[in-house]
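Heads up: the structure comes next, in structure tokens.
The values are calculated or read from the model by the stated rules, or taken from the named source; none is laboratory data. Please read all numbers here as calculations on a predicted model, not as lab measurements. Here Cβ is always computed from backbone atoms with ideal geometry, including for glycine, and neighbour counts include all displayed protein chains. Accessible surface is based on the protein model in full, side chains and every heavy atom, while ligands, DNA and RNA are left aside. Shrake-Rupley method; radii C 1.70, N 1.55, O 1.52, S 1.80 Å.
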Amino acid sequence: MKLVIALGGSLIDFDEDYFERLKRFLKDLSKDHRIYVVVGGGEIARKYIDFGRKLGLKEEILDWIGIFATRLNAKLVSSILGANEEIPRSVEDAVKLDKGLVVMGGTTPGHSTDTVAAELAEKISADLLIIATDVDGIYDKDPKMHPDARLFGEVSVDKLQEICKKPWTRAGDKVIIDGPAVEVIKRSGFDVIVLNGKDLENLGRAIRREKFRGTKIRREG
Ligand code: UTP
């Protein structure tokens, strides 16, 4: 199976135990599957972007600063996993790296690593795109602000478009899945699941198509 995992930057939180477990998990998985991991910029990207914005830097520059932060995180993750030494700068370069486990970060301004992961999934005709984040999936409202938020087991792409609404607006924006990624998901054929990347047992169940906690994106209806 060909699998793309968008590893949200919020998961790069310097938790040694998590990285040990992630390493074992992905190494095991890469024995039987082809895996691409696209790493987000998280806190470090946001700090740099916010500071740059305060100093009046242009949005495109702020996106580039975000991209470098994602590549820094990608370098950390690929080194821990013993994957590719060079971090690919485009999805085309990632595909050229003929390896079982490939790690990359951002590519060009105007979107987040969700879009990179979706484009990569489209390019390799992936079976599954997993968006691994720090909440359990897609909710009807922000679960960090609203304890009564309801987790959707399934959500249609149209509903997702409604929830994510806007196209790309500005560097460092915090959205569940960014608008350009939803566009790619809408036109493509791969399955998409959003779940909590900290729970690797659950992630394993989702990959094996067993019952899991998270949100499946449905194309029709
Ligand atoms: P992220 O992919 O980390 O965005 O990119 P995010 O929505 O914060 O995702 P998580 O929460 O870490 O998973 C950080 C910023 O870097 C720029 C954008 O400004 C984005 O908001 N970026 C990233 C790009 O412009 N292009 C890319 O390909 C990737």
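Just the Cα atoms of the stretch 146-221: what Rg and Dmax do they give in Å?
Cα radius of gyration and Dmax of the stretch 146-221 are 13.3, 37 Å respectively.
Diagonalise the Cα gyration tensor of the stretch 173-212 and give the resulting equivalent ellipsoid semi-axes, square root of 5 times each eigenvalue, largest first, whole Å.
So the three semi-axes of the stretch 173-212 are 23, 15, 5 Å.
Kindly provide the Kirkwood hydrodynamic radius of the stretch 1-159 in Å, to one decimal, from all pairs of distinct alpha carbon atoms.
16.5
Report the trypsin sites (Lys or Arg not before Pro) located in the stretch 19-74 that are in a DSSP loop and have at most 16 other Cβ atoms inside 10 Å of their Cβ, or state none.
Qualifying residues, ordered by number: 58.
Consider a paramagnetic label point 7 Å from the Cα of residue 93 along Cα→Cβ; state which residues of the stretch 28-44 have an amide N under 18 Å from it.
Answer for this model: 36-41.
Contour minus end-to-end for residue 27 and residue 142, with contour as 0.36 nm per residue of separation and end-to-end as the Cα-Cα distance?
Full-extension gain reported as 38.1 nm.
Excluding ligands and nucleic acids, what accessible area in Å² is computed for residue 212 using a 1.4 Å probe, to the nearest 10?
Approximately 50 Å² for this residue.
With a 1.4 Å probe and all protein chains left in place, how much accessible area per residue does the chain have, in Å²?
So the chain comes to 50 Å² accessible per residue, rounded to a whole number.
Ignoring solvent entirely, what values of log10 I(q)/I(0) come out of the Debye formula for the stretch 92-139 at 0.18, 0.29, 0.31 Å⁻¹ when each Cα is a single scatterer?
Results for the stretch 92-139 at q = 0.18, 0.29, 0.31 Å⁻¹ read -0.65, -1.29, -1.35.
Taking the alpha carbon gyration tensor of the stretch 1-46, what are the square roots of 5 times its eigenvalues, largest first, to the nearest whole Å?
22, 14, 5
Let me see the pair-distance distribution of the stretch 37-128: every alpha carbon pair, 5 Å bin width, integer percents in order.
Here the calculated profile for the stretch 37-128 is 3, 15, 24, 23, 17, 10, 5, 2, 0.
Computing the accessible area with a 1.4 Å probe over protein heavy atoms, can you report the carbon and sulfur percentage for the chain?
On the chain, the fraction of accessible area on carbon and sulfur atoms equals 52 percent.
Summing -39500 (n - 2.57) over the DSSP H runs of n ≥ 4 in the chain and dividing by its residue number, what mean residue ellipticity at 222 nm do you reach, to the nearest 500 deg cm²/dmol?
-13500 deg cm²/dmol
At 0.692 mPa s and 37 °C, plugging the Kirkwood radius over alpha-carbon pairs of the stretch 70-221 into Stokes-Einstein gives what diffusion coefficient in µm²/s?
203
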